[in-house]
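*Asks:* Below you will find the structure I want to go over with you.
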């Protein structure tokens, strides 16, 4: 049996890896020239930057399982070791990757906020033993209302304003009025005592190792997939400017969830209904190459102090293969990204952010910078908006209800972290193995 996986991101590579282990013949088609999707590093005229994900969390059973399987444990290193802070009208506050006693004893929260936060944390602590950190469906009963409403109902407005909102806007590109509480609750429940990692050789090491053991065709842009009457699927893809056509007994579509309806020629009613529910936010990041050392840090901004910029990151590039000693990355706010999408793109023209830059960043850029990368991420992260998990649950039942010609995998099916993408790949591989045998 020949299986074709469309997409060499973490979900697609994990599915292909598990199916190959089970004895299936698997090939992978990837539109980019390298594997990883949003778990990779890109290089542009001597400037290095991430394609999306930056951290692996120790609580992710799926990802850490692959790390151990490929013998990459000794390659792990602590991620985001530079100072991290949030800026709001209450001032600048140091933050940790995960929740801890510092929020209770060393923060500027008033005593009422600390007590209510402690009560909420105690309630979530027990759930860490009864939920899978890579599976948001375990929190489906919290799928109503927005995160903003959830925190306000618990009178945690100060916690929200100082800590949670700036980090969600800067790290996730989400507005709290757009997402349900499930992502916040699931990650917070498992974050205490956890560690955030990357690899010595960059976040893309795991996907590179996965791809190395698989048959992957790069620069293959899939245009159309259709179910064959005689079984299997026919599909066409463009490779090196030429249109190719081929057949597979099974297809696993592991592309962002906003894309399947563009390439599946006649979707089933279940597919059509579900993928119309999938939404993504977009990202827009400006990366500036700096040929002098700049002290690294990450700073997140609340909308009341900076409506255009959600985060600034300064990265030391002296220890990697780069033409620059430092990189300054400016993350535009969700509102600014939405506004830019309505404007025509002028090649080489930068967004009008200069009046909104923090003073220290403005000074560094005034001293001069080199190459600039404008990173537009159309499908940055799936939006787990209120009610979305009902659609996920229904589609999961459909996908596991018997033999299919086309299966689907991606973080939009599980969790908007690397663990979710990996878990989704493992889930779809298990569904195929159960349906079709190894």
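*Asks:* Any residue at all in segment 358-371 that is outside any loop (DSSP other than H, G, I, E, B), touching a residue at least 60 places away in the same chain (Cβ under 8 Å), touching a strand residue (DSSP E or B) at 6+ places or on another chain (Cβ under 7 Å) and farther than 29 Å from residue 140 by Cβ?
*Replies:* Yes, there is a match, as at least one residue in segment 358-371 is outside any loop (DSSP other than H, G, I, E, B), touching a residue at least 60 places away in the same chain (Cβ under 8 Å), touching a strand residue (DSSP E or B) at 6+ places or on another chain (Cβ under 7 Å) and farther than 29 Å from residue 140 by Cβ.
*Asks:* A further question follows. Examine segment 233-243 for a residue that is closer than 22 Å to residue 41 by Cα and part of a strand (DSSP E or B), and state whether such a residue exists. Before the answer, list the steps.
*Replies:* Of all residues in segment 233-243, those closer than 22 Å to residue 41 by Cα come to none.
No, every residue in segment 233-243 fails to be closer than 22 Å to residue 41 by Cα and part of a strand (DSSP E or B).
*Asks:* Could you check segment 171-183 and list, in sequence order, the residues that are assigned to a helix (DSSP H, G or I) and surrounded by fewer than 23 Cβ atoms within 10 Å (Cβ to Cβ)?
*Replies:* Start the filter on segment 171-183 by keeping residues that are assigned to a helix (DSSP H, G or I), which leaves 171-172, 182-183.
Selection gives 171, 172.
*Asks:* Any chance you could count how many residues in segment 153-180 are on the phi > 0 side of the Ramachandran plot and touching a strand residue (DSSP E or B) at 6+ places or on another chain (Cβ under 6 Å)?
*Replies:* So in segment 153-180, the residues on the phi > 0 side of the Ramachandran plot come out as 155, 173.
In the following step, the residues that additionally are touching a strand residue (DSSP E or B) at 6+ places or on another chain (Cβ under 6 Å) were identified as 173.
Residues flagged as on the phi > 0 side of the Ramachandran plot and touching a strand residue (DSSP E or B) at 6+ places or on another chain (Cβ under 6 Å) within segment 153-180 amount to 1.
*Asks:* Is one or more of the residues making up segment 2-14 farther than 26 Å from residue 325 by Cβ, out of contact with any helix residue (DSSP H, G or I) (no Cβ under 6 Å at 6 or more places or on another chain), surrounded by fewer than 19 Cβ atoms within 10 Å (Cβ to Cβ) and modelled with pLDDT under 95?
*Replies:* Within segment 2-14, one or more residues are farther than 26 Å from residue 325 by Cβ, out of contact with any helix residue (DSSP H, G or I) (no Cβ under 6 Å at 6 or more places or on another chain), surrounded by fewer than 19 Cβ atoms within 10 Å (Cβ to Cβ) and modelled with pLDDT under 95.
*Asks:* Please identify the pairs in which a residue from segment 380-397 that is within 27 Å of residue 54 (Cβ to Cβ) has its Cβ atom under 6 Å from the Cβ atom of a residue that is part of a strand (DSSP E or B), counting only partners at least 6 apart or on another chain.
*Replies:* What qualifies is 380/281; 380/282; 380/283; 381/281; 382/280; 383/281.
*Asks:* Residues of segment 155-180 being in contact with a helix residue (DSSP H, G or I) (Cβ under 6 Å, 6 or more places away or on another chain) and more than 21 Å from residue 95 (Cα to Cα), which ones?
*Replies:* Once the filter is applied, which keeps residues that are in contact with a helix residue (DSSP H, G or I) (Cβ under 6 Å, 6 or more places away or on another chain) and more than 21 Å from residue 95 (Cα to Cα), segment 155-180 yields 177, 179.
*Asks:* Would you mind finding the one in 53, 22, 32 that is closer than 17 Å to residue 256 by Cα and either in contact with a helix residue (DSSP H, G or I) (Cβ under 9 Å, 6 or more places away or on another chain) or without any contact (Cβ under 8 Å) to a residue 40 or more places away in the chain (or both)? Spell out how you get there, then give the answer.
*Replies:* Numbers: 22 fails: closer than 17 Å to residue 256 by Cα; 32 fails: either in contact with a helix residue (DSSP H, G or I) (Cβ under 9 Å, 6 or more places away or on another chain) or without any contact (Cβ under 8 Å) to a residue 40 or more places away in the chain (or both).
Exactly one of 53, 22, 32 is closer than 17 Å to residue 256 by Cα and either in contact with a helix residue (DSSP H, G or I) (Cβ under 9 Å, 6 or more places away or on another chain) or without any contact (Cβ under 8 Å) to a residue 40 or more places away in the chain (or both), namely 53.
Residue-by-condition table, conditions (1) touching a strand residue (DSSP E or B) at 6+ places or on another chain (Cβ under 6 Å); (2) within 30 Å of residue 157 (Cα to Cα); (3) at pLDDT 95 or above:
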{"site": "224", "(1), (2), (3)": "yes, no, yes"}
{"site": "267", "(1), (2), (3)": "no, no, yes"}
{"site": "274", "(1), (2), (3)": "no, no, yes"}
{"site": "286", "(1), (2), (3)": "yes, no, yes"}
{"site": "297", "(1), (2), (3)": "yes, yes, yes"}
{"site": "311", "(1), (2), (3)": "yes, yes, yes"}
{"site": "317", "(1), (2), (3)": "yes, no, no"}
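*Asks:* Applying the selection to segment 49-66, what residues are buried (at least 21 other Cβ atoms within 10 Å of the Cβ) and not in a loop (DSSP other than H, G, I, E, B)?
*Replies:* Once the filter is applied, which keeps residues that are buried (at least 21 other Cβ atoms within 10 Å of the Cβ) and not in a loop (DSSP other than H, G, I, E, B), segment 49-66 yields 50, 56, 57, 62, 63, 66.
*Asks:* Moving on to the next point. Which members of segment 194-215 meet the condition of being touching a helix residue (DSSP H, G or I) at 6+ places or on another chain (Cβ under 8 Å) and either buried (at least 20 other Cβ atoms within 10 Å of the Cβ) or assigned to a strand (DSSP E or B) (or both)? I'd like the intermediate steps shown before the answer.
*Replies:* Going through segment 194-215, the residues touching a helix residue (DSSP H, G or I) at 6+ places or on another chain (Cβ under 8 Å) turn out to be 199-201, 205-207, 210-211, 213-214.
The answer is 199, 205, 206, 207, 210, 211.
The values are calculated or read from the model by the stated rules, or taken from the named source; none is laboratory data. No experiment lies behind these values; they were computed from the predicted model shown. Don't worry about glycine lacking a Cβ; one is built from the backbone with ideal geometry, like all the others, and counts go over all protein chains shown.
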